[in-house]
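Undergrad: Let me give you the structure first, and then I'll get to my questions.
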Amino acid sequence: MNADTSTLAATDETTGPVEPMPTGRSACVIGSGFGGLALAIRLQSAGIQTTVVEARDKPGGRAYYWEREGFTFDAGPTVITDPDCLKELWALSGHDIAEDVELMPVMPFYRLAWPDGTQFDYSNDEDELFREIAQLNPADVAGYQRFLEYSEAVYEEGYVKLGHVPFLDFKSMLKAAPALAKQQAWRSVYSMVSSYVENEKLREALSFHTLLVGGNPMKTSSIYALIHKLEVDGGVWWARGGTNRLIAGMVKHFERLGGTMRLHDPVVHVHTLGKQATEVETHSGWRERFDAVASNADIMHSYKDLLSGSKRGADYSRSLSRKSFSPSLFVVHFGIEGSWPGIPHHMILFGPRYKGLLDDIYDHGVLPQDFSIYLHHPTVTDPSMAREGMSTFYALVPVAHMGKLAVDWEEMGPLLEKRILDELERRLIPDIHSRIVTKFHYAPRDFAMDLNAHMGSAFSLEPVLTQSAWFRGHNRDDVIDNFYLVGAGTHPGAGIPGVVGSAKATAGLMIEDLAV
């Protein structure tokens, strides 16, 4: 069975749900992020008895959440695209995602705002979008249409054809190379956007998306322009109750199929014998043998720590240490008095610089005085995220990871938090400080401590062309035959569609291997 056929629904839709047919094989998935849970659902749907082991007290990985003083705060991710990739996880066993999760459309997708007061609402409402573009530069309407055609072409090559296919050898990369070269994959997203539109603000509006998966628009391959096609076709969505409810729905469905969740018990070691992973051991002393092991943990943590003691773990962690990792994030979560219907669900507040700010974050490793803010306001779509008459927000700014930016976040965190809130007060929410009911921040140090993220990186390996597809961590390890990867560190990369796609690729390999 190959990666494509492994994803076929287990039943004809007319027959309704059926129990998976046990295969007598077992698997362990380390980590319960979106990628780990998507993989676990696929394996369990195929009759492979699957156990998910999670270090933290709640499932979700980066999609963790907190409840404080009547407010619900999602850690992220908060932008749900390509809902079909999620619906497929239920359809495998004849179920419907609506049994467990309510997806709500978000419009506009994003509101972009610049310091001079210019605003731009981005959506897939074609007439409205063309009006928005014409206000920036009438000549760019035609250019945007040509860019969208390009986006569709790279979507077909990079997502439909290659997004769920594992790259296990260099030959598979060479096979894909001509199609990628035809789409000028060596160029950056910003460069490609600039070849279609003239207005600088529009160039920023059409290239910032790579930041949502950890990529610098000035360096990330133009293949990532496919995000526009993904959003135009599938829209942008929200799960009622928060991203955490989507995670909860995945857990419920996994357990419905017979899967086992083990929470609040970090894996400390994956035991190996020769070229086989044999047992998984946790902090509590629990130890169990499995036919296959997949890691949704940070890729460096997986090899350096979990496979410590093995030659493969030492060798590959050294190789990984020479690669470039995505930046980290600094996030201020806050609950405030009042409702704010004029502030949309997703907003980008650009700072005075674009390329210069990106250079500081990705190359120079400094903490600049200016910043761009992604503002998340879920209560405008879903008032259940706060108590009545209140609103939940978070403000996120990209910052360099700890390998480049060596600051004391215990000291710097409160200072940066205040600067961000001051900027929001100046540009958007008057008297914000007096309205705050509760607040806290999440810094690179927290990513490193809570998630074992290498250097506090928020998105694993940086998504540049030389670290994509075969150049990323492989969905199946090259040496340990039954050790697999899923999540941001493997193909195709970060973001919900990316890690769910990695699960599809990895599940295809595991189901085929375990059938032998």
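Undergrad: In the set His264, His271, which member is in a loop (DSSP other than H, G, I, E, B) and either under 13 Å from Lys58 (Cα atoms) or touching a Ser or Thr at 6+ places or on another chain (Cβ under 6 Å) (or both)?
TA: Testing whether each residue is in a loop (DSSP other than H, G, I, E, B) and either under 13 Å from Lys58 (Cα atoms) or touching a Ser or Thr at 6+ places or on another chain (Cβ under 6 Å) (or both) leaves just His264.
Undergrad: For the stretch 452-465, indicate whether the set of residues that are free of Cβ contacts under 8 Å to residues at least 12 places away in the same chain and not hydroxyl-bearing (Ser, Thr, Tyr) is non-empty.
TA: Checked the stretch 452-465: no residue is free of Cβ contacts under 8 Å to residues at least 12 places away in the same chain and not hydroxyl-bearing (Ser, Thr, Tyr).
Undergrad: Picking from Val197, Val160, Val141, Val189, which residue would you name as being crowded, with 22+ Cβ neighbours inside 10 Å and out of contact with any Ser or Thr (no Cβ under 6 Å at 6 or more places or on another chain)?
TA: On the way: Val160 fails: crowded, with 22+ Cβ neighbours inside 10 Å; Val141 fails: crowded, with 22+ Cβ neighbours inside 10 Å; Val189 fails: out of contact with any Ser or Thr (no Cβ under 6 Å at 6 or more places or on another chain).
Residue meeting the stated conditions: Val197.
Undergrad: Can I ask one more? With the requirement that a residue be buried (at least 22 other Cβ atoms within 10 Å of the Cβ) and more than 22 Å from the chain's Cα centre (by Cα), what does the stretch 381-419 give you?
TA: Ala386, Ser391
Undergrad: Take the stretch 16-48 and flag every residue that is surrounded by fewer than 24 Cβ atoms within 10 Å (Cβ to Cβ) and either in contact with a Pro (Cβ under 7 Å, 6 or more places away or on another chain) or hydrophobic (A, V, I, L, M, F, W, C) (or both).
TA: Answer for the stretch 16-48, where residues must be surrounded by fewer than 24 Cβ atoms within 10 Å (Cβ to Cβ) and either in contact with a Pro (Cβ under 7 Å, 6 or more places away or on another chain) or hydrophobic (A, V, I, L, M, F, W, C) (or both): Val18, Met21, Gly47.
Undergrad: Among the listed residues Ser317, Ser302, Ser339, which satisfies the condition of being hydroxyl-bearing (Ser, Thr, Tyr) and in a loop (DSSP other than H, G, I, E, B)?
TA: Answer to the check: Ser339.
Undergrad: Filter the stretch 371-416 down to the residues that are assigned to a strand (DSSP E or B) and more than 24 Å from His209 (Cβ to Cβ) and list them by number.
TA: Met390, Ser391
Undergrad: Just to check your reading of the model, which residue among Ile429, Ile436 is crowded, with 19+ Cβ neighbours inside 10 Å, in contact (Cβ under 8 Å) with a residue 24 or more places away in the chain, assigned by TED's automatic domain parsing to the domain that holds Gly335 and not aromatic (Phe, Trp, Tyr)?
TA: So the residue among Ile429, Ile436 that is crowded, with 19+ Cβ neighbours inside 10 Å, in contact (Cβ under 8 Å) with a residue 24 or more places away in the chain, assigned by TED's automatic domain parsing to the domain that holds Gly335 and not aromatic (Phe, Trp, Tyr) is Ile429.
Undergrad: Just to be sure, is Leu485 over 29 Å from Leu421 (Cβ atoms) and surrounded by fewer than 24 Cβ atoms within 10 Å (Cβ to Cβ)?
TA: No.
Undergrad: Which members of the stretch 49-84 meet the condition of being over 14 Å from Ile247 (Cβ atoms) and assigned to a helix (DSSP H, G or I)?
TA: Passing the criteria: Pro83, Asp84.
Undergrad: Just to check your reading of the model, which residue among Gly456, Gly508 is surrounded by 21 or more Cβ atoms within 10 Å (Cβ to Cβ) and either modelled with pLDDT under 95 or within 18 Å of Lys161 (Cβ to Cβ) (or both)?
TA: Answer to the selection: Gly508.
Per-residue answers, yes or no, for (1) buried (at least 23 other Cβ atoms within 10 Å of the Cβ); (2) touching a strand residue (DSSP E or B) at 6+ places or on another chain (Cβ under 6 Å); (3) charged (D, E, K, R); (4) not assigned by TED's automatic domain parsing to the domain that holds Thr381:
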{"site": "Val53", "(1), (2), (3), (4)": "yes, yes, no, yes"}
{"site": "Arg56", "(1), (2), (3), (4)": "no, no, yes, yes"}
{"site": "Arg68", "(1), (2), (3), (4)": "no, yes, yes, yes"}
{"site": "Leu89", "(1), (2), (3), (4)": "yes, no, no, yes"}
{"site": "Ser93", "(1), (2), (3), (4)": "no, no, no, yes"}
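Undergrad: Still on this structure, I have one more. Checking the conditions here, which among Gly487, Gly501, Gly508 is of a type outside the set (Ser, Thr, Tyr), under 15 Å from the mean Cα position of the chain (by Cα) and either outside any loop (DSSP other than H, G, I, E, B) or outside the structural domain of Glu279 (by TED's automatic domain parsing) (or both)?
TA: One residue alone meets the criteria, Gly501.
Undergrad: May I ask you to say which residue of Lys175, Lys87, Lys171 is within 23 Å of Met250 (Cα to Cα), assigned to a helix (DSSP H, G or I) and without any contact (Cβ under 8 Å) to a residue 60 or more places away in the chain?
TA: Answer to the selection: Lys87.
Undergrad: Additional query: Might you let me know whether the stretch 17-31 holds any residue that is at pLDDT 95 or above and under 30 Å from Arg387 (Cβ atoms)?
TA: no
Undergrad: Can you pull out every residue in the stretch 200-237 that is surrounded by fewer than 24 Cβ atoms within 10 Å (Cβ to Cβ) and part of a strand (DSSP E or B)?
TA: The answer is Val236, Trp237.
Undergrad: Go through the stretch 249-261 residue by residue and tally those that are surrounded by fewer than 20 Cβ atoms within 10 Å (Cβ to Cβ) and touching a strand residue (DSSP E or B) at 6+ places or on another chain (Cβ under 9 Å).
TA: The number of residues fulfilling the criteria is 4.
The values are calculated or read from the model by the stated rules, or taken from the named source; none is laboratory data. The structure presented is a predicted model; accordingly, all values stated were derived computationally and were not measured. Virtual Cβ from ideal backbone geometry, glycine too; neighbours counted across all protein chains shown.
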